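Following: one structure in C-alpha cells, then a few remarks.
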Amino acid sequence: MSYRTILLFGAPGAGKGTQGKILGSIPNFFHCACGDVFRSLKADSEVGRVFIDYSSRGELVPDAPTVKVWHHFIEASTKTGRFHPDQDTLVLDGIPRNRHQAELLKDTLDVVAIFNLRCSQFDAVVERLQRRALKENRLDDANLEVIRNRLQVYERESKSVLDCYDPCLIHEINADQSPVKVLVDILARIMKI
Ligand code: ADP
C-alpha cells in the first residue's frame, strides 16, 4: 500500500503543525504529526520512555522505533475509520526527518508535493517555541539550549531529506508571513496538484 502524501517540511517552529492541523480539517486530507504520535504514547511504555529520553535533549528518536510507531498509528487510524487511504491525502509533518527515514518510507509514501516552510527570523522562531513550551508543556522547547540543539539537528540531519525527492515536487513557502498567508500560498499550490 502506498499513501498519496503531502509533506510539510521546515525547521522546528516554522509552523508545520499549525498548517497541518488546518489542512487536516479539510475533507479528504488526513494530518499526521509525528511528534503528536510520540506524545500520545504512554510515558511508562518502552517507546514512550525512549521518546522522552531523546526529545528532552532535542535529539531525534532512533529511526527503527520511529517508523514502527508511525506505521502502527497509520494502521490504527485506518482501522478506526479516521484515515481512508483510498480517498484521503496524507499530510505528514515531522516525518521523514532524515535521509534514512526517507529511504525506509520510500515504498510507503507516494509523495505528490512537499511544502518547505522557510523562516528567516531566528528570534521569531525561538519565541514561538518558548511560547508553545508554556502552552503545551513541552520539555523539548523549555530551555534555550535544547531549542538550539533542535535547530542544529534540523540543519545537520533533516534539511538533506529534500535531496531525496524530485525537485519539481518541492514548493518553497515564505513562513515569515502570517499563518493565513502561509495557508493561502499552500492552498494555491494544492489546487494545482
Ligand atoms: P517540531 O515540529 O517542533 O520539531 P515535533 O513535535 O515534530 O517538533 O517533534 C518533537 C520531538 O519528537 C523531536 O524533537 C524528536 O525528538 C521527536 N520526533 C518527532 N518526529 C520524529 C522523527 N520523524 N524522527 C525522530 N524523532 C522524531
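So the values come out like this:
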| item | result |
| --- | --- |
| Count - residues of region 48-99 that are exposed (fewer than 15 other Cβ atoms within 10 Å of the Cβ) and aromatic (Phe, Trp, Tyr) | 0 |
| Residue satisfying all of: in region 146-193; surrounded by 15 or more Cβ atoms within 10 Å (Cβ to Cβ) and among the acidic types (Asp, Glu); nearest to the chain's Cα centre (by Cα) among these | 157 |
| Residue match in region 97-104 (condition: farther than 24 Å from residue 153 by Cα, among the charged types (D, E, K, R) and not in a helix (DSSP H, G or I)) | no |
| Region 25-40: number of residues that are surrounded by fewer than 18 Cβ atoms within 10 Å (Cβ to Cβ), out of contact with any Ser or Thr (no Cβ under 9 Å at 6 or more places or on another chain) and of a type outside the set (D, E, K, R) | 4 |
| Odd one out for residue 101 among (1) at pLDDT 95 or above; (2) away from the ligand (no atom under 12 Å from the Cβ) | (2) |
| Only one of 129, 104 that is within 15 Å of residue 2 (Cα to Cα) and either polar (S, T, N, Q) or touching a residue at least 40 places away in the same chain (Cβ under 8 Å) (or both) | 104 |
| Residue in region 8-20 that is in contact with a Gly (Cβ under 6 Å, 6 or more places away or on another chain) and surrounded by 21 or more Cβ atoms within 10 Å (Cβ to Cβ) present | yes |
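The values are calculated or read from the model by the stated rules, or taken from the named source; none is laboratory data. Just so we're clear, the structure is a prediction, and the values are computed from it rather than from any experiment. Glycine gets a Cβ as well: all are built from the backbone with ideal geometry, and neighbour counts include every protein chain shown.
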